[in-house]
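Read-outs throughout are calculated quantities, based only on the coordinates presented, and are distinct from any laboratory measurement. Remember, predicted model here, so these are calculated numbers, not experimental data.
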C-alpha cells in the first residue's frame, strides 16, 4: 500500500486531504508542522510527502531541505496558497530546492490525485 505524509498547519485542510487520500486507499500519516513531519518521516518513511510551505514552527522550505539532505530520493509535493509555480514564487522556489512537484491551493481532488500518481511514476 502506498503511504503518504501530509504536513499542513491548517487542520481543516489537512483533514480533507487526508480523507481524500484514505478514500483512495492510501495509508496516510499527518503532521501540523515541518518538525513534526520530519520526526514522523524519520520514524517511518512514506512513499510521498505533501508539505505546505508557509507554516508556523518549521516551514515547508526548511522541511524540504532537510528531507532532501537526509533522504535524497524522497518524493515531495509542495503546496501553497501563496502563488503559482513561476520561478520567483514560493512554489517555484520549492521546485528549485528539490520538490518533485507543486500544487497551488486551492486545488481539486482530481489534480491532487493526478499529481501524486505523476510523482510516483
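Is it possible to state the helix-based mean residue ellipticity at 222 nm for the chain, with each DSSP H run of 4+ residues giving -39500 (n - 2.57), the sum divided by total residues, to the nearest 500 deg cm²/dmol? What is it? Working shown, then result.
Working: 5 runs with 54 residues, N = 121.
The helix contribution divided over the chain gives -13500 deg cm²/dmol.
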> With the chain treated as a Gaussian network of Cα nodes joined by springs under 10 Å, which of 97, 50, 38 yields the largest mean-square fluctuation?
Replying inline: 97
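Take the alpha carbon gyration tensor of the chain, find the square roots of its eigenvalues, order them as a ≥ b ≥ c, and report rounded if a/c is under 1.5; if not, report prolate when a/b exceeds b/c, else oblate. Walk me through the numbers on the way to the answer.
On the way: a/c = 1.27, a/b = 1.09, b/c = 1.16.
Rounded, because the longest to shortest axis ratio a/c is under 1.5.
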>> Can you tell me how the stretch 1-57 classifies by the Cα gyration tensor, rounded, prolate or oblate, using a/c under 1.5 as the rounded cut?
In response: oblate
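Gain in length, residue 22 to residue 36, computed as 0.36 nm per residue apart minus the alpha-carbon separation, to one decimal in nm?
Taking 0.36 nm per residue and subtracting the Cα distance, the gain is 3.0 nm.
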>> With an 8 Å Cα cut-off and a minimum separation of 6 or more residues, compute the relative contact order for the chain in percent.
In response: 21 percent
